[in-house]
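Visitor: My questions all concern the structure below.
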Amino acid sequence: MDESKSKMIPCRYLFSNGTEYEIFLDTQCYICKRFRNWHCKTVWAMEKARWEGEKAFPFDDLEEDSRTGWKYCKRFTEEPIFRQKRKKHPLNDQTKMEVCESDGN
């Protein structure tokens, strides 16, 4: 095995400081297509962990580089997310408006 190559391992530790967390946000979250208006479960879990501690940290959603310790999100994508539009369908027992033809009187 070549020791010069790093491999990804499961995340085991929190961010060591706020700067490391900010770098993660800049290099992962802010360019990820899943991240829209802070609607990402991984980011919310990391924010929650800032106040509640290690028990709230999303270890399962992150992985680490074995040599550098930098964290990477498993859910990261640069591919556009396809969101299917909702189909309009009538509800059961929905009241319907009918247009009545006037007889001219």
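The values are calculated or read from the model by the stated rules, or taken from the named source; none is laboratory data. A quick note: this is a predicted structure, and the numbers were derived from the prediction, not measured. Positions of Cβ are generated from backbone atoms using ideal geometry, with glycine treated the same way; all protein chains shown enter the neighbour counts.
Visitor: Go through PHE35, PHE24 for me and flag whichever is assigned to a helix (DSSP H, G or I) and surrounded by 13 or more Cβ atoms within 10 Å (Cβ to Cβ). Before you say what the answer is, go through the steps one by one.
Guide: Numbers: PHE35 fails: assigned to a helix (DSSP H, G or I).
Of the residues listed, the single one that is assigned to a helix (DSSP H, G or I) and surrounded by 13 or more Cβ atoms within 10 Å (Cβ to Cβ) is PHE24.
Visitor: While we're looking at this one, here's another question. Are there any pairs, at least 6 apart or on different chains, whose C-beta atoms fall under 8 Å, with the first in the stretch 29-56 and at negative phi and among the polar types (S, T, N, Q) and the second modelled with pLDDT of 90 or more and part of a loop (DSSP other than H, G, I, E, B), and if so, which?
Guide: These pairs meet every condition: THR42/PRO58.
Visitor: I'd like to verify a number: residues in the stretch 57-73 that are loosely packed, with under 14 Cβ neighbours inside 10 Å and either assigned to a loop (DSSP other than H, G, I, E, B) or on the phi > 0 side of the Ramachandran plot (or both), how many?
Guide: Qualifying residue count, the stretch 57-73: 3.
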